[in-house]
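Peer 1: Here it is, the structure, as structure tokens.
Where a number appears in this text, it was derived from the coordinates with a stated rule and is not lab data. Note that the coordinates shown come from a computational prediction; the quantities given were computed from them, not determined experimentally. A quick note on method: Cβ atoms are made from the backbone with ideal geometry, for glycine too, and the neighbour counts reach across all protein chains shown.
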Amino acid sequence: MGRKTFESLGKPLPNRINIVLSRHPGLLKRQFPDLFGEAWIARGKTAVPFPYQFELPRIGGVTAIDLRIIKNFLKLSPMDSPLDYFICGGAQIYEQALPLCSDLYLTLVKRVVEGDRFFPPFEDRFEVVEEILDRPEFRILHYRNRALQK
């Protein structure tokens with residue numbers, strides 16, 4: 001998840017490994033010293049001893065937040081990995097991660113919500129596999145990436 005999403009949650013999601021991507025990891029260290037206070041701010045192949053944070057390597061002098069690097073760095077290829085990875089926002093993370101996702105579980109809230117960030121277009125890349133749940137307040141749909149289907 002991105003730093004802003006983590007800040008909105010205020011703590012790691014339970015029962016899973018949380019990876020927080022940030023261009024400004026120092027902000028996390030200041031705002032959440034109990035979680036990130038002893039974390040290294042690492043670059044490249046340097047090991048990070050604290051499991052909740054790392055910073056991506058610099059490319060051309062600019063810290064990258066590009067999931068093509070993450071894909072190689074963490075072996076996030078959905079077809080090769082024995083683990084399931086869940087992307088939980090925000091907008092920039094969704095936009096960069098979507099092409100790497102094999103499946104998309106999307107909750108559609110049945111009300112108008114004001115906002116300035118939106119989920120990126122995905123309909124040309126994914127197709128509906130099933131409707132998981134339909135309630136008066138929301139629906140949950142399962143989509144699959146057409147390009148990654150066998």
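Peer 1: Exposure proxy check: SER22, SER8 ranked by fewest other beta carbons within 10 Å?
Peer 2: So the ranking, lowest neighbour count to highest, is SER8, SER22.
Peer 1: For the residues VAL109, VAL20, VAL128, what sequence is obtained by ranking on other C-beta atoms within 10 Å, fewest first?
Peer 2: Ranked by crowding around the Cβ, least crowded first: VAL109, VAL128, VAL20.
Peer 1: By the scheme Lys and Arg +1, Asp and Glu -1, what is the net charge of all other residues having a beta-carbon under 13 Å from that of LYS4?
Peer 2: Combined, the nearby Lys, Arg, Asp and Glu give +1.
Peer 1: Residues with beta-carbon under 13 Å from that of VAL129, excluding VAL129: net charge, scoring Lys, Arg +1 and Asp, Glu -1?
Peer 2: It works out to a net charge of -2.
Peer 1: Moving to a separate point now. Extension gain LEU9-ARG23, at 0.36 nm per residue separation less the Cα-Cα distance, in nm?
Peer 2: 3.2 nm
Peer 1: With a cut-off of 8 Å between alpha carbons and a minimum separation of six or more residues, what is the relative contact order of segment 102-150 in percent?
Peer 2: 50 percent
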